[in-house]
Amino acid sequence: MKFGIEVEFMIANTYNAYDLLDKIEACGIPMVSVISYNHKTFNKWKIVTDASLSGIGLNGYELVSPPLLYNEESLNEIRKIIGILRKEGATIKACCGFHVHVDASSFSVNEVRTILKRYAQYETIIDSFMPKSRRSNNNSYCQSLRGKAFSGSTIRRFTQKYTKINTETYVKYGTIEFRHHSGTLDDKKIITWIEFIKEFIEKSIKTVPTSRTRKKKLPEVWKKLS
């Protein structure tokens, strides 16, 4: 599986964000040198400003990965870079989110529709892994999928940007974006969530949901999140 992550965080407004880039690069992780907000894709990690995040004495930023392969090398890189953010005093507020993009270029329309339908089916359970601010329709940036029809012949039209799974990214990046998770600088939570998404997608594209799906044993990784 190819994937990418976006980690929103905040840090003291007296902190020079370019110093953060230098500290990460010193650990062997190439970084894009531009901090200003942008949607450009690179083969390097980047940190960009995020004006949607607010806090007294704090500035908001977003850590964005390049496309990554799901393997131990990528997971170790995530552990390392998140550890640096924590060490440098980065913090999380309720306004922060953690997003995962998954390469959907090989998925059929029906496979993506099935992913969305199963996620909506299990959404109440998945909500229980999250703080109240990310449950149901409590957060305007990750609205519920429950009750949606997921109709249409193209993937991008299934959901809008600010839903728990955003398919609008398919046109521009060839991905579907999981926006449900709260902001975190806990690398164990980050990696467990990525693992959960991977397993959820794999099961979804192999199985069309039926009434019996609800009776099946939940994947082992769900226990880690609850």
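Please treat every number below as a calculation from the coordinates, not as lab data. Predicted model only: the values in this text are computed from it and were never measured. Here the Cβ is made from the backbone with ideal geometry for all residues, glycine too, and neighbour counts use every protein chain on show.
Just a few scattered comments:
- If the segment from residue 105 to residue 70 were pulled out straight at 0.36 nm per residue, it would be longer than the present Cα-Cα gap by 11.0 nm.
- Rounded FRET efficiency, nearest 0.05, which uses the C-beta distance separating residue 146 from residue 93 and R0 of 35 Å: 0.85
- Segments 49-58, 171-180 sorted - mean Cβ within 10 Å per residue, highest first: 171-180, 49-58
- Residue 1 versus residue 37: modelled label distance in nm, points set 7 Å from Cα along the beta carbon direction: 3.0
- For the residue pairs 46/203; 117/172; 164/203; 23/164, alpha carbon separations beyond 21 Å are given by 46/203; 117/172; 23/164.
- Within the same chain, aspartates and glutamates fewer than 8 places from residue 148 are excluded, and of the rest, those with a Cα less than 20 Å from its Cα are 111, 123, 127, 168, 177.
- Seen against the Cα atoms of the chain and their longest principal axis, helix 109-127 is set at about 80 degrees.
- Residue 157 paired with residue 26, simple spin-label distance in nm, labels 7 Å along Cα-to-beta-carbon: 5.3
- Highest-MSF residue in the chain out of 164, 40, 188 [GNM, Cα springs under 10 Å]: 40
- Sorted on the mean count of surrounding Cβ atoms within 10 Å across their residues, most packed first, peptides 26-34, 120-128 read 120-128, 26-34.
- (i) 17.4, 49; (ii) 19.4, 59; (iii) 17.5, 55, with the label sought being that of the calculated Rg and Dmax of the Cα atoms in Å: (iii)
- The alpha-carbon of residue 93 sits under 14 angstrom from the alpha-carbons of these aspartates and glutamates, leaving out residues fewer than 8 places away in its chain: 8, 50, 62, 186.
- Over the chain, DSSP H runs of length four or greater, each weighted -39,500 (n - 2.57), average out per residue to a 222 nm ellipticity of -10500 deg cm²/dmol.
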